[in-house]
Structures are given as C-alpha cells and as structure tokens.
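Student: Just passing along the structure, written as structure tokens.
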Amino acid sequence: MKFNHWVLPWAKARAKTKPTPVPKEDDTKVFARIKPCRVTRPAMALVVVAGPDRGREFLLAPMNVKIGRQAQSHIRLKDAKVSREHAVLQYQAKKQTFLLKDLGSTNGTFYNNCRISSILIAPGGEIRLGETVLKVIALGHKDLPEPAGVESPKG
C-alpha cells in the first residue's frame, strides 16, 4: 500500500534518534535572571500656592494624571476658571518626568507664565490653571516613609 510507504520511513527515522545526554556536574548551568521587585515611589509633587485650593498637595504617581473640575479628574480643583477637563500630566518613563498637555481649555494652561500646548515639567516650575497656581516639587527618597513590611537599613 502507498500509505505504508509514507509511514515506514517516518517510523524508522524516529527509532534512530538518540536519547538526550545526561548533564555532567562540569557542565554549565543556566538560570533565569529574576529582576528585583522595586517599589515605585513618586518623584514629584504639586503644591497649590494660590487659588481656592491653596495648601493642598498632590503626589504624582508614574501614570497619566488628569487635572480639572470634574469628579473623574485625579487632581480635582474647585477653581471656577478651570475647565472640567483642563490638562493632563503624561508620565514619560524614559525621561522619568511628566509632559504637561493642555486639553483645549478655554482659559489656557500656563507653565512659568508662558501659555503652552505641551511641555516637559521640572522641579521648581509653576503651572497656572485659571486662578490656581501649582508649584512642582521634587521629592527625595529619604523624605518618604518606608512601605509597610520593609525594614530600614539603619536599624
């Protein structure tokens, strides 16, 4: 039969394969590298220095942060001159900073007294939305408390 003609060469080839060699103690062993788990901490914060929300502080987590008056905003301001969806801070992982983008607000978004459509923010800068002024602050890792369950190396 023609069918056996196809099966037999396959069966013969399979029977000729060698078993896998057993590794000796001298052989090199390969282990998977496991990356250490890092706790991502905020590197920057915003402090309201002028406006109805004066004194409030906002930690900037490494994610996109919406700023506006609506309840869904991450940073919700009470300023009537701030749009419902006023601006967004987009986290730039490679540069480890934020890109401030205006979302087409009526009164505009200002960074260091210059109207912007988008700009990278830096510590010491000021963001103005309506009558609210937000100061960008850099956070040092020493200032933050240790996460629960982690012992400090000093003790």
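Student: Given (1) within 19 Å of L139 (Cβ to Cβ); (2) surrounded by fewer than 12 Cβ atoms within 10 Å (Cβ to Cβ), where does T106 come up short, assuming only one miss?
Tutor: Status for T106: all satisfied but (1).
Student: For the subset of the stretch 109-123 comprising residues that are polar (S, T, N, Q) and in a strand (DSSP E or B), which member is most open to solvent (accessible area, probe 1.4 Å)?
Tutor: S118
Student: Among strands (runs of 3 or more DSSP E) lying entirely in the stretch 38-103, which contain 2 or more residues that are open to solvent by 30 Å² or more (accessible area, probe 1.4 Å)?
Tutor: Correct list: 44-50, 57-60, 87-92, 97-102.
Student: Is it the case that V39 is modelled with pLDDT under 65, of a type in the set (A, V, I, L, M, F, W, C) and under 24 Å from A138 (Cβ atoms)?
Tutor: yes
Student: Sticking with this one: Please go through the stretch 124-153 and give me each residue that is modelled with pLDDT of 90 or more and open to solvent by 30 Å² or more (accessible area, probe 1.4 Å), ordered by number.
Tutor: G124, E126, R128, E131, K135, I137
The values are calculated or read from the model by the stated rules, or taken from the named source; none is laboratory data. Only a predicted model underlies this, so the values are computations on that prediction, with no experimental measurement involved. When we count neighbours, we look across all protein chains shown, and the Cβ atoms used for this are built from the backbone with ideal geometry, even at glycine. Quick note on the areas: whole protein, heavy atoms, side chains included, nothing else; ligands and nucleic acids left out. Shrake-Rupley method; radii C 1.70, N 1.55, O 1.52, S 1.80 Å.
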